[in-house]
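Asks: To start, I am sharing the structure in question, which I have written as structure tokens.
The values are calculated or read from the model by the stated rules, or taken from the named source; none is laboratory data. This is a predicted model, so every value here is computed, not measured. Because the Cβ atoms are built from the backbone with ideal geometry, glycine has one as well, and the counts that use them run over all protein chains shown. Side chains are part of the model used for accessible areas, which takes the heavy atoms of the whole protein and leaves out ligands, DNA and RNA. Shrake-Rupley method; radii C 1.70, N 1.55, O 1.52, S 1.80 Å.
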Amino acid sequence: MHFKSLLLHTVAIGLFATSSFAQDKDVFPGADERTPSLSQYFGWINNTNEGSTESQNLANLDFFQWMHDEYGMILDIYGISAGAIDKGHWYGSMESEEFKTQFPNGFEPIYKKAKEMDTRLGIWGGPDGFGDTPEEEKARTDMIVSLFKDYEFRLLKLDAVVGQLRDEKQDAFIKMMEECRKHAPDLIFLNHRLNLSEEAEQHATTFLWGGEETYIDVHMMNWEITAPHHRAGAISRDLVPDLMRLTEDHGVCFSSCLDYWDDDLILQGFNRSLILSPQIYGDPWNLRDDEYPKMARIFNLARQYGAIMVDGMVLPDSIYSEKAVSRGNEETRLITLRNLSWDQKNFQLNIGKEIGLENDQQYEVRSLHPTEKILGTYKYGETCSFDLDPFRSALILVTPVGKGGLGINGSDYEIVRDIDGKDKIIHILGLPGESKAITLDADGTLYQEAVLNGAANQNLIEGKTVTVTFPGNKLKDKYYRNLGELTMVDVPEDAEALYEATVYAADNNALEIRSHERSGPSNIPAVKAAREAFLNQPLFAARGLWDDYMFDGDKETSFYVSRRTWSKSVINKGSLRIDFGKAINLDQLVIDTEDEHGLQPWKFGEAARMEISTDLKTWTYLPVLAGPIMKAKLDASVPVRYIRFRGTPDKVVDVKGFLNGKEVSSETWRGSNLFSPYSRFRADTAWSMSTVINEIHPGTYIAVALEGVHGVEGAYAAIRVNGKPVGAPDRSPSYPCNSWEYPPYPVKSHYTYYIPLTKDMEGQKIDIVVLGMKGGKKDFKPNAYLTCYPLPYEKIELILK
């Protein structure tokens, strides 16, 4: 768990705690440097310090059970995170009213559910709680020991957020750990920022490397780097000193900024390959349904090769670029590469001693990520060429010929399911209009039937070559390319409309809501249940962090300016904005702030400055009398789409629109409250360039990279398509939000704006515009790139029975 004040302390304890771990230990701390990695999920940010509940944990475990049953994914440890027993700055008890409310049946139902899939539990807490009397010390010790004795817990994560261990309780702590290890000799103890004595520290399995959490754009972001996605900072992390494995990197967070999560997880699981890996936390159920096979594939590969990945070597920067690692034994290597630039990068892999191979024999080389592909067969000492797209990671497998597993020769592909007892599923990947001659590498399995693109095809399982043609027309242009640098121009007449287009396209919802909406609805019952368990927490609605709460007709929910934001997150006192989604006719708009407190900083009986527009260019002022219930009269004959105020009330309980006395539907309505009014934030500098994009695929977007210093909220980007302003709904680092746990950190440089393109923009003139705002810095150069996520592959399904 994280409080900013702990960071400096954590770095001091964390990064150079390695010396104590290097010493011989009298205590076996549950694992050593040669223990294969354990996969883990922990629930931080799925709940915050208030803690989770029995039903929430059971829903989460049902998700992992589904991943296990459908894709063979094994989760070694499920961590019950903060607030179950202990809370922030608070030592608790399983006899407390709080615990019994959250877990009316104790941990028994959760233990039984986890045990069904051979998953063991872990718990978060503090190192002390021993009280001031022998009786209190014994009660605390007995409670913690019972977790390992009665429920077979495997992991104990102790965090200074609860409190430090008092000097006079170091011995009590040691005795407690000794008792726990009697019941769980393989107990993994995670030391998060603790001041343990030398003897007590012997029980610690890991320390928190660098003190860094990985909540994207909150604690881990694109520091001083532009990129086509939010996770460039995460995939740029340094290597652990000496490739030490008995440390913890806090895993991969699935609460925010989900695109390119797999690049992040590949490096966590195979590059660092720590004792806990793959390690994930947050809300993995917020992925799209089509992404779960990839998650399971990463977990399954890490488990398959876990025993040999305990040995690793750093590859030469001059050949393999920075932070490349090869893991494995004398004849099988798993190599992780990364491209941290805007240009495609070519790698020349030496299939020999340089990557750790010792045996002089024929080797097969496969890419396992970003896509799977059999790259070819090579003699010892030969070179394999591999291209990697910008800001991606790669996983390369080198094995003796015939040992690479199930695969397809002749095309990129993805293994969707490869487990015993179920049909094997492979998606063959190709760009539109491409034809590929493919063969099946059956990995020695004799299949009875193959179904290719819905039709039986015995040729593949008989070892014959089959040609597949992917639907669509062949691409004429590259889907990724540098569009060029923007040049400085006069501030355009429609600067206000461009700014408004971006802030209306964006939102101030919690990062978790942005992830939820990014992935869309799920058709998987276990996924839907886990999502609902998160969203239906009473505290989630109570924190007022979703614009939907203004339009749900529920007087118990509201959307309000979070006090858990940075002071700079409410930009120039904010602006309440509402977008109806389309131009509609209203004669009255009613805004309910509940009371005078919710109305703040506005005052009852004073005018609130409200403006309306249909096109973001022309705005009409409408005076509205401020009060707990504000009623704005509109001309029913004049359509309106956009509403904005100069400022925002602290809280909005309800927004309703009426026409002729009847309430109109608010299903498409959206709102925000943290962005600045343009009148307080005018553009005083601009850059622009024009382009035409002739091929637009699903997922195509323009990334506008601001290379340099612009100041916090000092520059905004948008496009103009045939004169119509189109905004950027996403930006790295993230737009300000009303946060669930902690807000995005405000940074002064290197924003990258992401502007989706739609099919109707093909062949149209597109002006890319950057606005330098009043008070911002101008020490940056804007560049624009065309890219696509996901890549524009077509898929042909192969089912093997």
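Asks: Taking square-rooted eigenvalues a ≥ b ≥ c of the alpha carbon gyration tensor, is the range 24-77 rounded, prolate or oblate, where a/c under 1.5 means rounded and, failing that, a/b exceeding b/c means prolate?
Replies: Verdict is oblate for the range 24-77.
Asks: Can I ask one more? Could you compute how fast the range 286-331 diffuses translationally, taking Rh as the Kirkwood radius over C-alpha pairs and applying Stokes-Einstein at 37 °C with viscosity 0.692 mPa s? Give it in µm² per second.
Replies: Using the Kirkwood radius from Cα pairs, D works out to 258 µm²/s.
Asks: Amide H neighbours of Leu38 under 5 Å, at least 5 residues apart or on other chains, H built in the peptide plane: list them.
Replies: Leu276, Ser277
Asks: With a probe of 1.4 Å, find how much accessible area the chain has per residue, and write the answer as a whole number in Å².
Replies: Accessible area per residue, the chain: 38 Å².
Asks: Given the Cα atoms of the range 250-390, and with Rh set as the inverse mean 1/r over their pairs in the Kirkwood sense, what is Rg to Rh to two decimals?
Replies: Result: Rg/Rh = 0.97.
Asks: Can you figure out the FRET efficiency of Glu97 with Asp684, using R₀ = 60 Å and their beta-carbon distance, to the nearest 0.05? Display every interim value, and only then the final one.
Replies: On the way: r = 58 Å, r/R0 = 0.96.
Efficiency at R0 = 60 Å is approximately 0.55.
Asks: Taking the Cα centre of the range 444-485 as origin and charging only Cβ (+1 Lys, Arg; -1 Asp, Glu), how large is the dipole, in debye to the nearest 20?
Replies: 220 debye
Asks: Moving on to the next point. Counting only protein heavy atoms, what percent of the accessible surface of the range 390-528 is carbon or sulfur at a 1.4 Å probe?
Replies: The nonpolar share, carbon plus sulfur, comes to 46 percent.
Asks: Using the eigenvalues of the Cα gyration tensor, what equivalent ellipsoid semi-axes result for the range 367-470 when each is taken as the square root of five times the eigenvalue, whole Å, largest first?
Replies: 23, 17, 14
Asks: Where does the Debye-calculated log10 I(q)/I(0) of the range 41-196 sit at q = 0.10, 0.12, 0.20 Å⁻¹, using only Cα point scatterers of equal weight, no solvent?
Replies: Result of the Debye calculation: -0.34, -0.49, -1.34.
Asks: Let me ask something additional. Report the net charge of residues surrounding Ala607, where surrounding means a beta-carbon distance below 14 angstrom and charges are Lys +1, Arg +1, Asp -1, Glu -1.
Replies: +3
Asks: To continue, here is another question. Only loop residues by DSSP count here, and only those with at most 13 other Cβ atoms within 10 Å; note down the GluC sites (Glu not before Pro) in the range 102-202 that meet that.
Replies: Filter output for the range 102-202: Glu116.
Asks: Report Rg (one decimal) and Dmax (nearest whole number) for the range 383-538, counting Cα atoms only, units Å.
Replies: 23.3, 69
Asks: With labels modelled as points extended 7 Å from the Cα through the Cβ direction, what inter-label distance (nm, one decimal) is found for Arg518 paired with Asn359?
Replies: Calculated label separation equals 4.2 nm.
Asks: Using a cut-off of 11 Å between beta-carbons, work out the net charge of the residues near Lys115 (Lys and Arg +1, Asp and Glu -1, Lys115 not included).
Replies: Taking every other residue near Lys115 into account, the sum is -1.
Asks: Equivalent ellipsoid semi-axes for the range 595-696, as square roots of 5 times the alpha carbon gyration tensor eigenvalues: give them largest first, rounded to whole Å.
Replies: For the range 595-696, the ellipsoid semi-axes come out as 29, 20, 14 Å.
Asks: Here is a further query. Only helical DSSP H runs with n ≥ 4 go in: add -39500 (n - 2.57) per run for the chain, normalise by residue count and round the 222 nm mean residue ellipticity to 500 deg cm²/dmol. List each step's numbers first, then the result.
Replies: Values: 18 runs with 151 residues, N = 801.
So the helix-based figure for the chain works out to -5000 deg cm²/dmol.
Asks: Work out how much length Gln588 to Val692 would gain on full extension: take 0.36 nm times their residue separation and subtract the Cα-Cα distance, in nm to one decimal.
Replies: Values: separation 104, 0.36 × 104 = 37.44 nm, distance 4.20 nm.
Additional length available on full extension: 33.2 nm.
Asks: Still on this model: From the residues Pro698, Pro525, Ile719, which one has its Cα farthest along the dipole of the chain in the positive direction, the dipole being from +1 and -1 charges on Cβ of Lys/Arg and Asp/Glu about the Cα centre?
Replies: Towards the positive end, the residue furthest out is Ile719.
Asks: What is the local net charge at Leu429, summed over the other residues whose Cβ is closer than 10 Å to its Cβ (Lys, Arg +1; Asp, Glu -1)?
Replies: Net charge in that neighbourhood comes out at -2.
Asks: Could you look at the range 105-150 and say what percent of its accessible area is carbon and sulfur, using a 1.4 Å probe and all protein chains?
Replies: 48 percent
Asks: Would you mind calculating the gained length between Gln348 and Leu446 on full extension (0.36 nm times residue separation, minus the Cα-Cα distance), in nm to one decimal?
Replies: Numbers: separation 98, 0.36 × 98 = 35.28 nm, distance 3.52 nm.
Between Gln348 and Leu446, full extension yields 31.8 nm more.
Asks: Okay, next question. Residue separation times 0.36 nm, minus the C-alpha to C-alpha distance between Glu152 and Thr383: what's the value?
Replies: Numbers: separation 231, 0.36 × 231 = 83.16 nm, distance 4.90 nm.
Working it through step by step, the gained length comes to 78.3 nm.
Asks: Report the normalised scattering of the chain as log10 I(q)/I(0) at q = 0.08 Å⁻¹, calculated by the Debye formula with identical scatterers on the alpha carbons.
Replies: -0.75
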